[in-house]
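The values are calculated or read from the model by the stated rules, or taken from the named source; none is laboratory data. Predicted, not measured: the structure shown is a model, and the values here were computed from it. Here the Cβ positions follow ideal geometry from the backbone for every residue, glycine too, while neighbour counts run over all protein chains shown.
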Amino acid sequence: LTLVVKRNPRVPSIVSAGLDTIALRIPSHPVASALISHLGEPLVAPSANLSGRPSSTTTEHVLSDFKGKIAAVVDGGSCLHGMESTVIDLVSFDRPTLLRHGALKKEAIEGVLGLDVAVYTRGPHSSPGMKYRPNLPVHVFSEIKQFEGHLAKGKKAFVLSTEEHSFPFTFLESETLYANLRLAEENGYDEVVIYCPNDVSEALKNRLEKITYESNRH
C-alpha cells in the first residue's frame, strides 16, 4: 500500500519533487520491514525499475535493467504479488481516492476505512508506475475467433491465456505478468498475444490496458 498525504514542512522538498504531498510506502516484505526498522529513520527511495519498463519482480530483472549502474541489490526473492502497490490519495480530493490499482483491492481498503473509495479517472497517468512499455508488441483478445485468427498469421508469439489450449501457452496471472513479458523479450519472440475472456482483477485489467496502449505506440 502507498498513501499520498500532506508533506510535513520538516520533510525536505527534494523528497517530494517540490510537491506539497508525499507518498508513504508501506511494504509487507519482511526484509524491507527489517531494513527500515534497523535504520530507525524514514527511508527515501525511488522505484527499482526504469521508467517505462515493466516492473522488476526479481533481482535478475533489476540487474538486467540497470546494467552496472548500481552497486548492489538486496535480494529478498521474487515479489509475492508481481505488481506495484495500490496507491490511495488521502488529501487531494473530498474522499479517499484510488490513483493506481494494485495487489491490495479497493474493497479491502473500504472495509478498513468504513468509507467508499473513489477511483481517479480524469487523466492518463494519475500516479507513477503507470507506463509499461515492453520492447515488443502486445495484443490482447477477448474473442476466441480474433485470438486464433491473429495467431494464424504465423508470427513467433508468446501466448498468455486464462484458459487452456491445445497449443503451447502460459497461464495469465498477475503474479507473473511482468516476468513473462521479460521472458518473451529475452527469448526472441516477435510479439506477446494474450487471450483474456474471463473477468480478472481490476489491477490486472488495468495493467493489460496500459501495456497494450504503450506497446502499440512504438
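For L1, all conditions in the list (1) within 17 Å of the chain's Cα centre (by Cα); (2) under 26 Å from K69 (Cβ atoms); (3) not β-branched (V, I, T) hold save one; what is the number of the exception?
Status for L1: all satisfied but (2).
Sort out which residues of the range 161-209 are crowded, with 17+ Cβ neighbours inside 10 Å, of a type in the set (D, E, K, R) and in contact (Cβ under 8 Å) with a residue 60 or more places away in the chain, and write them in order of number.
R182, R207
Right, S55: surrounded by 18 or more Cβ atoms within 10 Å (Cβ to Cβ), of a type in the set (G, A, S) and in contact with a Phe, Trp or Tyr (Cβ under 9 Å, 6 or more places away or on another chain) or not?
yes
Taking the range 1-37, which residues are polar (S, T, N, Q) and either in contact with a Gly (Cβ under 7 Å, 6 or more places away or on another chain) or exposed (fewer than 12 other Cβ atoms within 10 Å of the Cβ) (or both)?
Once the filter is applied, which keeps residues that are polar (S, T, N, Q) and either in contact with a Gly (Cβ under 7 Å, 6 or more places away or on another chain) or exposed (fewer than 12 other Cβ atoms within 10 Å of the Cβ) (or both), the range 1-37 yields N8, S37.
Taking the condition of being more than 20 Å from E202 (Cβ to Cβ) and either among the hydroxyl-bearing types (S, T, Y) or assigned by TED's automatic domain parsing to the domain that holds S78 (or both), how many residues in the range 160-175 meet it?
2
Could you pull out the residue among E84, E143, E41, E107 that is within 25 Å of N198 (Cα to Cα), loosely packed, with under 11 Cβ neighbours inside 10 Å and either outside the structural domain of V193 (by TED's automatic domain parsing) or at pLDDT below 90 (or both)?
Values: E84 fails: loosely packed, with under 11 Cβ neighbours inside 10 Å; E143 fails: either outside the structural domain of V193 (by TED's automatic domain parsing) or at pLDDT below 90 (or both); E41 fails: within 25 Å of N198 (Cα to Cα).
None of the other options fit; the residue is E107.
What is the one condition in (1) within 25 Å of A184 (Cα to Cα); (2) in contact (Cβ under 8 Å) with a residue 40 or more places away in the chain that F66 does not satisfy?
(2)
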